[in-house]
Amino acid sequence: SLILALSLLFSFSSCKDEGTEETTSEYEEMTEAVIPGGSISVPYSSEDSLNPYYCTTVLNNALTSLIYRSLYRLDTSFTAVRELAASESLSGLFLKVFITPDLVFSDNGMLTADDVVYSFECAKKSKIYSPALDGITSCTAEDTYTVVFSLKSEDVNVLNSLIFPIVKNSTAGSVKKV
């Protein structure tokens, strides 16, 4: 009877409904849709802000990642990947991040270390980003394209915390701005 039960179990596990496709993984690879001369609609909450430091809905928070870039982003294995950062140097309680030069905002203003410092200060006050930045005490501009983060303690994974959106200096001061 044990052999009969096992054979039934294995026979049912290989069945497939004729009306469905068999998939080999939980996630299917998605390709980019090309819409020549078309447009795309993106849902958002008009009751909420698109300011990444003031938005409160999950929908608008997800949308800000399409609008703003960060020094780093996390890949699928949660490893920090450079986005606006050109390189970094970690030494004890100090992390230097060198920003890719000649990057511009949508208004053609240059991205500088002052913008990163300002964004860090906004992120530290934000409900969304402040928990990830708890191990970083300060951020200062060393020169036009270099910022220095001071850490509370040594942290080899500190780059994973630098995923906050970079906004232009003095533009994220209220819910409506940015």
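Mind running the shape call on region 32-95? Use the C-alpha gyration tensor, a ≥ b ≥ c as the square roots of the eigenvalues: rounded below 1.5 for a/c, prolate if a/b tops b/c, oblate otherwise. Oblate, since a/c reaches 1.5 and b/c is not below a/b. Share of carbon and sulfur in the accessible area of region 67-125 stands at 53%, probe radius 1.4 Å. Rounded to the nearest Hz, the phi-derived 3J(HN,Hα) couplings of region 135-143 under the Karplus curve 6.51 cos²θ - 1.76 cosθ + 1.60 (θ = phi - 60°) are x, 10, 8, 7, 9, 10, 8, 7, 7, where x marks glycine and proline. Among the trypsin sites (Lys or Arg not before Pro) in region 98-173, those located in a DSSP loop and surrounded by at most 11 other Cβ atoms within 10 Å of their own Cβ are Lys127, Lys152. Ranked by solvent-accessible area (1.4 Å probe, protein heavy atoms only, all chains present), the residues Val97, Val148, Val81 order from largest to smallest as Val81, Val148, Val97. Can you give me the pair-distance distribution of region 105-178, C-alpha pairs, 5 Å bins, whole percents? Answer for region 105-178: a P(r) of 3, 16, 26, 25, 18, 8, 3, 1 percent. In region 108-125, which residues have a backbone nitrogen under 19 Å from the label point lying 7 Å from Arg69's Cα in the Cα-to-Cβ direction? Answer for this model: 108-120. Phe78 contributes about 140 Å² of solvent-accessible surface, heavy atoms of the protein only, 1.4 Å probe. For region 34-178, the tally of Lys pairs with Cα-Cα distances below 26 Å comes to 19, considering only residues 8 or more apart or on different chains.
All C-alpha to C-alpha distances of region 34-178, sorted into 10 Å bins beginning at zero, yield P(r) values of 11, 40, 34, 12, 2, 0 percent in whole numbers. Fully extending the segment from Ser130 to Glu142, taken as 0.36 nm per residue of separation minus the present Cα-Cα distance, adds 2.0 nm.
With all protein chains kept in place, the per residue accessible area of region 107-171 amounts to 48 square angstrom at a probe of 1.4 angstrom.
The values are calculated or read from the model by the stated rules, or taken from the named source; none is laboratory data. Just so we're clear, the structure is a prediction, and the values are computed from it rather than from any experiment. Reconstructed Cβ throughout: ideal geometry from the backbone, glycine too, with neighbour counts over all protein chains shown. To get the accessible areas, we keep the full protein, side chains included, count just its heavy atoms, and leave off ligands, DNA and RNA. Shrake-Rupley method; radii C 1.70, N 1.55, O 1.52, S 1.80 Å.
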